[in-house]
Amino acid sequence: MIDVAICLPIFSTFTYRVGPDLLPAIAPGKRVLVPFGRRRITGYILGEARQAPQAGLKNIAAILDERSLFPEVMLSFFKWVADYYMHPLGEVLQTALPSGINLADEIGYELAETEDPTLTAARSAMAPWEQRIFQRLAQGACSRGALRRLAGRAFAPNVLNAWEKKGWIVRRERLAGGATRAKSVRYVGPHPAFGDVSRLSPARQAVWQMLQAQGPVAMETLRAAIPTAATLVRSMVRDGQAVVELRTVYRDPLGEPISPDQPPVLMPEQKAAVETMAAQLGQGYQTFLLAGVTGSGKTEVYLQMAARALAQELSVLVLVPEIALISQTERAFRARFGERVALLHSGLSDGERLDQWQRILAGEAAIAVGARSAIFAPFAKIGLIIVDEEHDDSYKQEGALRYHARDLAVMRARQQGAVAILGSATPSLQSAYNAQNGKFRKISLFERVDQRAMPEIFVQDLTAIREERGARRHLTPALLQALAETLARKEQALIFLNRRGFAGTVVCAACGQTLRCRRCDISLTYHQQANAYQCHYCGFCQEAVARCPRCGSDRMRRMGLGTERLEEDLRKLFPTARVGRMDRDTTRRKGALLKILKDLHERKIDILVGTQMVAKGHDYPHITLVGIICADLSLSMPDFRSGERTFQLLAQVAGRAGRGKVAGRVILQTYNPHHFSITAARQQDFDAFYRQEIECRKLLGYPPVTRMIQLRISGRDNAQVADVAQRLGAGCRQRLAQTPEDGMEVLGPIEAPLQRIADHYRWQLLIKGPRVGPLHQFVRRLLFSPDALTGKGDVTVAVDVDPVFLM
């Protein structure tokens with residue numbers, strides 16, 4: 001008997017029997033096809049069942065893998081993730097593994113051949129959605145999922161079951177999924193028993209000579225050299241002159257080759273950091289907080305630490321916050337370590353990701369570089385985990401499993417006795433607090449590489465130009481003069497505005513109505529290149545010729561500023577400058593981001609306009625000027641972390657200046673020049689910011705001083721959502737009154753700041769306390785006990801442990 005976790009939102013695991021013919025192939029980490037209810041689905045073997053045999057146990061149907069998809073040592077890690085984030089273990093495993101590999105029975109229906117006289121009368125009395133289903137089935141078989149979408153919210157599965165019992169429809173099942181699999185390529189080789197080449201025609205001799213010279217050759221390569229190769233090979237195989245075999249090959253996501261590099265001579269601070277951290281490799285768990293100013297050479301520290309780990313035959317995992325940063329990190333590690341590097345991120349196709357996963361399992365790659373999902377890389381003997389830009393919120397996964405990759409990196413290092421390095425120029429308050437309390441060990445890098453100077457930052461008060469019109473309302477004279485001087489010296493400038501699009505607000509000049517998204521409580525943004533109004537939350541889009549929904553007027557005024565308008569303004573002000581833009585709109589296509597970075601490196605761009613994408617660790621050696629258009633955008637967000645995010649973003653983007661041989665300067669424009677986040681960013685003084693911000697958190701009892709769990713209540717019916725939220729809030733306070741926990745507090749329920757997104761109304765409830773254990777126990781009793789309070793109808797209650805996004 002074996003324990004199996006299934007790929008469904010069910011917290012329990014299940015026990016199955018194994019037939020004697022399959023028993024030798026059983027191993028933890030393999031997938032199995034198991035019967036579950038009336039269908040078959042994919043499950044994951046956890047190990048041998050420990051309980052006594054039970055009557056009525058079902059047998060597994062098949063084993064789907066020749067070898068385990070992850071090492072057995074990772075099972076405890078997956079179980080911890082499931083327990084800490086209160087998520088089903090089967091879905092944790094499904095999230096961790098490459099997508100598209102699982103199988104399940106797909107249920108479909110078709111009309112039965114029946115002469116039931118009651119059917120005609122029953123159809124005339126059916127609800128509209130039931131009639132639509134019958135009309136669709138009259139056209140042919142259809143899956144249950146498609147029928148559900150056709151019926152809409154009124155869909156009721158029990159109706160289909162009733163029709164099946166009456167013989168009106170027939171249920172069909174077929175095994176579906178598993179579209180992602182290893183790639184096989186046909187290779188052609190000479191038949192070992194054939195040697196009389198003189199008997200071959202000239203065309204066949206050409207094929208034979210190529211096979212003799214190169215050994216087995218891929219059919220695609222052979223066809224490129226000899227266009228008629230496919231026909232020739234078929235006849236040669238038939239006549240016993242050649243053999244064809246299928247070989248599994250890896251799809252290559254790495255792109256063009258990279259020239260090897262040599263390690264540079266380290267600065268004294270870098271060398272001391274490497275020696276201190278390397279001494280811990282192979283000696284047990286330790287997390288280091290590497291706090292180095294921008295340009296201090298943290299990447300080279302990572303590379304040298306990776307070399308030390310590989311020397312001890314330990315694997316290395318490198319996390320970066322976004323795909324946009326992977327190309328830079330990947331190039332650095334490939335230049336140093338060549339083919340030993342694997343990539344794991346969502347920008348790969350499912351097949352490419354599966355191949356990289358298999359390379360790691362086979363021991364062909366000892367280093368994995370990737371975004372947050374790479375934390376699940378299947379290394380059996382991991383020695384070093386690096387989290388670059390550890391402060392970045394992108395490490396928090398939003399979706400079904402809401403994990404934080406930085407926190408998982410620390411836990412995985414702890415479980416496997418590895419070293420974790422959390423690197424940042426602007427550490428998160430969470431990590432800085434852990435270092436202050438002794439949980440992490442802090443190492444600081446105070447100087448830039450080659451003792452380059454930090455950029456000089458000048459603050460410009462935007463209130464002085466609030467009466468200006470046009471572009472000069474958001475571009476101060478100091479910034480315009482600095483841009484002109486930079487361009488005159490043939491240097492590059494970076495202009496930062498964390499708001500994409502052309503205009504953030506569209507208002508009717510006739511009645512004052514703001515154009516809003518039909519599905520969200522948010523105004524639409526005008527995008528000039530697409531000539532459309534778009535919602536940045538649900539993706540809703542409508543043509544820019546739209547009239548006012550209230551009065552029908554076409555006098556729509558586009559107000560506000562985005563990167564698209566800023567790019568246009570700069571082109572007009574500096575007509576000879578080459579202006580580029582880097583935001584989500586310009587980097588959607590595969591390869592677009594790399595082209596922008598390449599153009600910047602080759603100095604084909606004079607001024608780069610960008611959102612926060614430009615602030616995340618990129619190295620721009622020729623940029624000597626950074627202009628921050630409005631430093632206050634994130635300060636007004638209703639979130640207790642708004643000051644922290646503002647400081648981090650400003651300090652990071654300012655750090656892009658002066659990373660080459662020429663000193664840099666920063667023009668920081670703001671309406672709040674005396675706000676402590678702004679002044680700390682101007683002085684590049686993280687310690688000053690930390691001291692003030694941590695005191696605020698202590699006074700308010702917010703993380704990292706306390707721990708927090710957010711309950712997100714959402715659904716399409718606002719009244720139902722509000723009712724469930726109020727009942728949950730009342731239940732929380734009642735339970736807390738019955739079993740008081742020192743320091744635990746319930747905040748809310750309250751409508752989310754953005755109450756409606758994608759036609760779902762949203763409420764939230766925050767529960768915080770000083771200790772993790774009692775906090776988790778409280779939420780489990782609330783939601784998962786026999787008398788649990790849960791949603792009703794289509795209202796869902798989601799748990800977010802250590803929430804990052806409170807909007």
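Observations
- Taking the numbered list (1) out of contact with any Asp or Glu (no Cβ under 6 Å at 6 or more places or on another chain); (2) outside any strand (DSSP E or B) in turn, P28 passes all entries but (1).
- Qualifying residue in segment 757-770 (condition: in a helix (DSSP H, G or I) and surrounded by 19 or more Cβ atoms within 10 Å (Cβ to Cβ)): no
- Every residue from segment 407-440 that is closer than 28 Å to P378 by Cβ and open to solvent by 10 Å² or more (accessible area, probe 1.4 Å): D407, V410, M411, R414, Q415, Q416, G417, Q430, N434, K439, F440
- Residue satisfying all of: in segment 219-244; at pLDDT 90 or above and part of a strand (DSSP E or B); surrounded by the most Cβ atoms within 10 Å (Cβ to Cβ) among these: V243
- Filtered residues of segment 582-617 (kept if free of Cβ contacts under 8 Å to residues at least 40 places away in the same chain and either out of contact with any Leu (no Cβ under 8 Å at 6 or more places or on another chain) or assigned to a helix (DSSP H, G or I) (or both)): T586, R588, R589, G591, A592, K595, I596, K598, D599, H601, E602, K604
- Check on P749, touching a residue at least 24 places away in the same chain (Cβ under 8 Å), assigned to a helix (DSSP H, G or I) and either in contact with an Asp or Glu (Cβ under 7 Å, 6 or more places away or on another chain) or open to solvent by 20 Å² or more (accessible area, probe 1.4 Å) (or both): no
- Selection count where residues are outside any strand (DSSP E or B), under 27 Å from the mean Cα position of the chain (by Cα), farther than 23 Å from Q648 by Cβ and not hydrophobic (A, V, I, L, M, F, W, C), scope segment 282-303: 1
- The lone exception for L57 - which of (1) in contact with a strand residue (DSSP E or B) (Cβ under 8 Å, 6 or more places away or on another chain); (2) under 29 Å from A418 (Cβ atoms); (3) surrounded by fewer than 18 Cβ atoms within 10 Å (Cβ to Cβ); (4) aliphatic (A, V, I, L, M) it fails: (2)
- The residues of segment 190-214 that are under 12 Å from A242 (Cα atoms) and loosely packed, with under 11 Cβ neighbours inside 10 Å, listed by number, are P192, A193, G195.
- Restricting the search to helices (runs of 4 or more DSSP H) fully inside segment 77-185 and requiring at least 1 residues that are closer than 30 Å to V797 by Cα and open to solvent by 50 Å² or more (accessible area, probe 1.4 Å) gives 89-96, 144-151, 157-166.
- Within segment 245-281, being touching a strand residue (DSSP E or B) at 6+ places or on another chain (Cβ under 9 Å), outside any strand (DSSP E or B) and over 22 Å from Y302 (Cβ atoms) holds for Y250, R251.
- Candidate set: segment 563-606, residues that are among the hydrophobic types (A, V, I, L, M, F, W, C) and open to solvent by 40 Å² or more (accessible area, probe 1.4 Å); chosen: the one nearest to G504 (Cα to Cα): L573
- Which listed residue, of Q669, Q710, is within 29 Å of the chain's Cα centre (by Cα) and open to solvent by less than 60 Å² (accessible area, probe 1.4 Å): Q710
- Filter result (in contact with a Gly (Cβ under 9 Å, 6 or more places away or on another chain) and basic (K, R)) within segment 663-711: R665, R707
- The residue of segment 245-254 that is farthest from F440 (Cα to Cα), among those that are in contact with a helix residue (DSSP H, G or I) (Cβ under 9 Å, 6 or more places away or on another chain) and open to solvent by 50 Å² or more (accessible area, probe 1.4 Å), is T248.
- Complete set of residues in segment 304-328 that are open to solvent by less than 10 Å² (accessible area, probe 1.4 Å) and assigned to a strand (DSSP E or B): V316, L317, V318, L319
The values are calculated or read from the model by the stated rules, or taken from the named source; none is laboratory data. Given the structure is predicted, the values throughout are model-derived calculations rather than measurements. Every residue, glycine among them, receives a Cβ derived from its backbone with ideal geometry; neighbour counts consider all protein chains shown. Areas reflect the complete protein model, heavy atoms only, side chains present, ligands, DNA and RNA absent. Shrake-Rupley method; radii C 1.70, N 1.55, O 1.52, S 1.80 Å.
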